[in-house]
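Reading through the structure tokens given below for one structure.
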Amino acid sequence: LKLVGTVLRSRSLEEKLAVTRELNAHVLPMVRDGRVKPVVDRVFPFAEAAAAHMHLATNESIGKVVITLS
């Protein structure tokens, strides 16, 4: 298994636009139809944001930790 990542901050505007076009063309359709799904570890209400942060600090989460506003 090989995981490769990058950041867009240092990329030119043209490169950022090209990445956005490719994402829209190839990745978002898979998200829309359910072939790719985010992994959500836990969901916290906004009132428990401190608890969400503490949960992240344990490094025991697998996936995203989501804070809801409603």
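Structure data summary
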{"read-out": "Selection within the stretch 54-70 - outside any loop (DSSP other than H, G, I, E, B) and either under 28 Å from Val27 (Cα atoms) or open to solvent by 90 Å² or more (accessible area, probe 1.4 Å) (or both)", "value": "Met54, Leu56, Lys64, Val65, Val66, Ile67, Thr68"}
{"read-out": "Complete set of residues in the stretch 1-15 that are surrounded by 10 or more Cβ atoms within 10 Å (Cβ to Cβ) and under 18 Å from the mean Cα position of the chain (by Cα)", "value": "Leu8"}
{"read-out": "Pairs with Cβ under 7 Å, 6+ apart, first in the stretch 49-61 and within 15 Å of Val39 (Cα to Cα), second surrounded by 10 or more Cβ atoms within 10 Å (Cβ to Cβ) and not basic (Lys, Arg)", "value": "Leu56/Val65; Ser61/Asp41; Ser61/His55"}
{"read-out": "Check on Leu1, in contact with a Lys or Arg (Cβ under 7 Å, 6 or more places away or on another chain) and either among the hydrophobic types (A, V, I, L, M, F, W, C) or in a loop (DSSP other than H, G, I, E, B) (or both)", "value": "no"}
{"read-out": "One residue from Ala47, Ala18, Ala51, Ala25 being open to solvent by 80 Å² or more (accessible area, probe 1.4 Å) and either within 15 Å of the chain's Cα centre (by Cα) or at pLDDT 95 or above (or both)", "value": "Ala47"}
{"read-out": "When residues of the stretch 28-44 are limited to those that are charged (D, E, K, R) and either in a strand (DSSP E or B) or surrounded by 10 or more Cβ atoms within 10 Å (Cβ to Cβ) (or both), the one farthest from the chain's Cα centre (by Cα)", "value": "Arg42"}
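The values are calculated or read from the model by the stated rules, or taken from the named source; none is laboratory data. The shown structure was predicted, so the numbers you read here are calculated from the model rather than taken from an experiment. As a convention, Cβ positions derive from the backbone with ideal geometry for all residues, glycine included, and neighbour counts pool all protein chains shown. Keep in mind that these areas ignore ligands, DNA and RNA; they rest on the heavy atoms of the full protein, side chains included. Shrake-Rupley method; radii C 1.70, N 1.55, O 1.52, S 1.80 Å.
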